[in-house]
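Undergrad: Pasting a structure below so you can have a look.
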Amino acid sequence: MANEHSATKDHILNCGERLIASKGFVGVGLAEILTVANVPKGSFYHYFSSKERFGEELLKRYIDDYLARLDTLLKTDGSTARARLMRYWSYWNVSQCGADGGVGDGDCAQAPAGAKCLIVKLSAEVADISEAMRLTLREGTDRVIQRIAQCLDEARQDGSVAEGLNASDTALTLYQLWLGASLLAKLRRDGSPFEHALRSTELLLAPAAV
């Protein structure tokens, strides 16, 4: 029964994530989530006390998955810490440049190729309508920035960036740069903001002078 309970809850979250990644939190009604997930309203409220609570759990799960991917990209593998960081920014570029996918039939287990980051999608939208979701996103982005700063510290130690680089400040600057690039890319409908962000990142992380 526990496995069935978890599977049903995950199914609702999977379907909701695909819808919200495409239309936003406000743009998706509960009825649409129920229709796509093919579950009755009672099942939804069995797992989530409200749509806001659903959104909070959705974001927590998304952030945990995102951090796991980030840890994989930044893990020590014999390359320099700077190279691992550049791998992360390249991943951001690729993952944000894909075309939006629609929600089709099936179990909604996988997001479409090129599905956009929920952190980017929802940060501005939910910050003014849900304190719980705002705090979830704030905590999540703080954890992302902390991991970037840790990798920058490692880059200072292995000499792949300048020794005097301030890891904390640079991590925040880089994250803000890429978050802004994601928003501009949505407005421009092209990848030019990411190309600019990548060039700027390479300059900020210029290898230490020999």
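The values are calculated or read from the model by the stated rules, or taken from the named source; none is laboratory data. In this text, all values refer to a predicted model and were calculated from it rather than measured experimentally. Cβ placement follows ideal geometry from the backbone for every residue including glycine, while neighbour counts extend to all protein chains displayed. Note: areas computed on protein heavy atoms with side chains; ligands, DNA, RNA excluded. Shrake-Rupley method; radii C 1.70, N 1.55, O 1.52, S 1.80 Å.
Undergrad: Has the range 105-118 got any residue that is at pLDDT 95 or above, open to solvent by less than 40 Å² (accessible area, probe 1.4 Å) and of a type in the set (Gly, Ala, Ser)? Please lay out each step first, then the result.
TA: So in the range 105-118, the residues at pLDDT 95 or above come out as none.
No, that holds for no residue.
Undergrad: Ok, one more. With the condition kept exactly as written, say whether any residue in the range 22-30 is open to solvent by less than 60 Å² (accessible area, probe 1.4 Å) and either in contact with a Cys (Cβ under 8 Å, 6 or more places away or on another chain) or acidic (Asp, Glu) (or both).
TA: no
Undergrad: Among Glu17, Glu56, which is open to solvent by 20 Å² or more (accessible area, probe 1.4 Å), charged (D, E, K, R) and either over 26 Å from Gln146 (Cα atoms) or touching a Phe, Trp or Tyr at 6+ places or on another chain (Cβ under 8 Å) (or both)?
TA: After applying the criteria, what remains is Glu17.
Undergrad: Take the conditions closer than 30 Å to Glu52 by Cα, open to solvent by 80 Å² or more (accessible area, probe 1.4 Å) and without any contact (Cβ under 8 Å) to a residue 60 or more places away in the chain and apply them to Arg188. Does it pass?
TA: Taking the combined requirement at face value, the residue does not satisfy it.
Undergrad: Another one. Which one of Leu204, Leu198, Leu179, Leu165 is among the aliphatic types (A, V, I, L, M) and under 26 Å from Gly24 (Cβ atoms)?
TA: Values: Leu204 fails: under 26 Å from Gly24 (Cβ atoms); Leu198 fails: under 26 Å from Gly24 (Cβ atoms); Leu165 fails: under 26 Å from Gly24 (Cβ atoms).
Among Leu204, Leu198, Leu179, Leu165, only Leu179 is among the aliphatic types (A, V, I, L, M) and under 26 Å from Gly24 (Cβ atoms).
Quick grid of which residues meet (1) outside any helix (DSSP H, G or I); (2) of a type in the set (S, T, N, Q):
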site: Ser6; (1), (2): no, yes
site: Leu19; (1), (2): no, no
site: Glu32; (1), (2): no, no
site: Thr35; (1), (2): no, yes
site: Val39; (1), (2): yes, no
site: Phe44; (1), (2): no, no
site: Arg53; (1), (2): no, no
site: Glu57; (1), (2): no, no
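Undergrad: Just to be sure before I move on: is Gly78 open to solvent by 20 Å² or more (accessible area, probe 1.4 Å) and of a type outside the set (Phe, Trp, Tyr) in the structure I sent?
TA: Taking the combined requirement at face value, the residue satisfies it.
Undergrad: Modelled with pLDDT of 95 or more and open to solvent by less than 40 Å² (accessible area, probe 1.4 Å): does that describe Arg84?
TA: The answer is yes for Arg84.
Undergrad: Let me confirm something: among Asp153, Asp169, which residue is out of contact with any helix residue (DSSP H, G or I) (no Cβ under 7 Å at 6 or more places or on another chain) and at pLDDT 95 or above?
TA: Answer to the selection: Asp169.
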